[in-house]
Amino acid sequence: MSRYRLRPTSAQQALLREHCAHARYVWNLAVEQNSHWHPGRAPAPNYLEQCRQLTQARAENPWLADGPHTVQQQALRDYARAMTAFLDPQNPAGRPTWRKAGRDEGFRIVGRRGRQWDVRRLSRHVGEVWVPKAGWVRFRWSRAVPSGVKSYRVTMDRAGRWHIAFAAIPNFISAPCNGEVVGIDRGVIVSATLSTGELLRVPGLTARERRRLRRLQRKLARTRRGSDRRGQVRLAIAQMRARQTDRRKDWAEKTSTYIARRFDVIRIEDLKISNMTRSARGTAADPGRNVRAKAGLNREILRSGWGLLVRRLEDKAPGRVEKVNPAFTSQRCSACGYVDAKSRESQARFVCTACGFACNADVNAARNIAAGHAVTARGGDGVARPVNREPQLLLQSA
């Protein structure tokens, strides 16, 4: 997807919001229809039947007929694809749920360029796209629009910013063919550590911005629900969060491109991030422990962009990303292969208790990942099997 910043006028913003409301309304109707189905009852209507029902609803409701038919029909198409992904046993996705105003704002336009929609360039950094009912809407021309585009999606984030994304499959990054292999260890203090010794950190909010965010959060807690002041504070917080998200995405894009262009094989830990960031609150009968500390760790993991970096690497370097079992990669010495939890003296220092090899703990783990040496509790990988016991002196033969 090629994403650009949209610059609509005030009147165009009102029309775009109506398009988003129509798409959200049609989507929620499809969700409601599917929620009534259960085994033994007639199946829920498919996409074609829902399109016939949409035509009838537009004839009976003038307010619905005022909106573009393409926007509403594509909302049904998106829901049908979401249900297909949900029912796919090979790669199951989450069940489609309700869309909420202010959180799920967007719609899709499909058609042939030059007929249903079109794009033209006005200056070096300004372009225009034709949106049904809204006319020509300007956007920032940050790069060339891909050729062969047949659809685009308009979205608005919680910070009130509009974006347009043209559906196009980008070209892959070709391998450098230098035979180099890199291991990536992901962490919280250092977001990504390469086996070459490079320490990469996600740029977040500055100290001054974090102080302002805390003040806004305290101010939000004192506001009354439903008041205009609360809406203004929520928007200011959303703008701060969006700034942090933009920096994380920019870092992931640049870092993934740099790694994909430099190395032939990229090895990473096979981490279950959703399980690692699960809440430790527990239940009323069995409450969790250290809940606040675990919540803080979860926030730092999500801020580090672990999943985003891997996803972009897989998109840019398909077939060259290998996932390694993360077991004991931080406890194994990359020099001699000895495994001992005491070797990791601190978060950043690793000193092998067998051979005395000293190194940055994250770099040591990245080297193990690059070698593919993920060991189990009893043995190694069958190629370079580590010694999971105290080193023994060799007896001298007489």
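Pairs of alpha-carbon atoms within less than 8 angstrom and 6+ residues apart define the contacts here; what relative contact order does the range 35-105 have, in percent?
Here the relative contact order equals 19 percent.
Assign unit charges at the C-beta atoms only (+1 for Lys and Arg, -1 for Asp and Glu), then state the dipole size of the chain relative to its Cα centre in Debye, rounded to the nearest 20.
Dipole about the Cα centre, nearest 20: 2080 debye.
In whole Å, how far is the Cα centre of the range 178-198 from that of the range 113-154?
After rounding, the separation between the Cα centres reads 39 Å.
Of the trypsin sites (Lys or Arg not before Pro) in the range 155-233, which ones lie in a loop per DSSP and count no more than 12 other C-beta atoms within 10 Å?
Taking the range 155-233 and a limit of 12 other Cβ atoms within 10 Å, the loop trypsin sites (Lys or Arg not before Pro) found are Arg224, Arg225.
Just to confirm the filter: which chymotrypsin sites (Phe, Trp or Tyr not before Pro) across the range 31-96 are DSSP coil and have at most 12 other Cβ within 10 angstrom of their Cβ?
Passing sites in the range 31-96 are Trp37.
Within the set of other residues whose C-beta is less than 15 Å from the C-beta of Ala101, count the net charge using Lys and Arg as +1 and Asp and Glu as -1.
Neighbourhood net charge equals +3.
Rounded to the nearest 0.05, what FRET efficiency do Gln56 and Arg5 give with R0 = 35 Å and r taken as the Cβ-Cβ distance? Could you check?
0.35
What 222 nm value per residue comes from the helices of the chain, counting each DSSP H run with n ≥ 4 as -39,500 (n - 2.57) and dividing by all residues, nearest 500 deg cm²/dmol?
That comes out to -12500 deg cm²/dmol.
Tell me, what is the per residue accessible area of the range 87-193 in Å², probe radius 1.4 Å?
I get 58 Å² per residue for this part.
Using Cα pairs under 8 angstrom and six or more residues apart, how large is the relative contact order of the chain, in percent?
14 percent
Counting only protein heavy atoms and using a 1.4 Å probe, what share of the accessible area of the chain belongs to carbon plus sulfur, as a whole percent?
Summing carbon and sulfur atoms, their accessible area is 50 percent of the total for the chain.
When the Karplus curve 6.51 cos²θ - 1.76 cosθ + 1.60 is applied with θ = phi - 60°, which whole-Hz ³J(HN,Hα) does each residue of the range 222-231 get, with x for Gly and Pro?
Calculated HN-Hα couplings, in order: 8, 7, 8, 4, x, 7, 5, 5, 5, x Hz.
I want the local charge near Ala366. Using Cβ-Cβ distances under 13 Å, sum +1 for each Lys or Arg and -1 for each Asp or Glu among the other residues.
0
Pull up the cross-link candidates among the lysines for Lys150, meaning alpha carbon to alpha carbon under 21 Å and not fewer than 8 places away within one chain.
By straight Cα distance, Lys150 reaches Lys133.
Over the range 116-204, what is the relative contact order in whole percent, taking alpha-carbon pairs under 8 Å and six or more residues apart?
Across the range 116-204, relative contact order equals 13 percent.
In whole Hz, what ³J(HN,Hα) sequence does the range 275-280 give by Karplus (6.51, -1.76, 1.60; θ = phi - 60°), x for Gly and Pro?
6, 5, 9, 6, 5, 9
Just to confirm a number: summing +1 for Lys and Arg and -1 for Asp and Glu over residues other than Gly197 whose beta-carbon lies under 13 angstrom from that of Gly197, what do you get?
Computed value for this residue: -2.
Kindly report the accessible area of the range 310-355 per residue (heavy atoms of protein chains, probe 1.4 Å, no ligands, DNA or RNA), in Å².
Dividing the accessible area of the range 310-355 by its residue count gives 51 Å².
How long is the gain from Ile189 to Arg77 if the chain were fully straight, where each residue apart is worth 0.36 nm and the alpha carbon distance is subtracted?
Stretched fully, the Ile189-Arg77 segment lengthens by 36.0 nm.
Counting other Cβ atoms within 10 Å, keep those with at most 14, restrict to DSSP loop, and tell me which chymotrypsin sites (Phe, Trp or Tyr not before Pro) in the range 109-205 are left.
Phe172
The values are calculated or read from the model by the stated rules, or taken from the named source; none is laboratory data. Remember, predicted model here, so these are calculated numbers, not experimental data. A quick note on method: Cβ atoms are made from the backbone with ideal geometry, for glycine too, and the neighbour counts reach across all protein chains shown. Note: accessible area is taken over every heavy atom of the protein model, side chains too, but ligands, DNA and RNA are not part of it. Shrake-Rupley method; radii C 1.70, N 1.55, O 1.52, S 1.80 Å.
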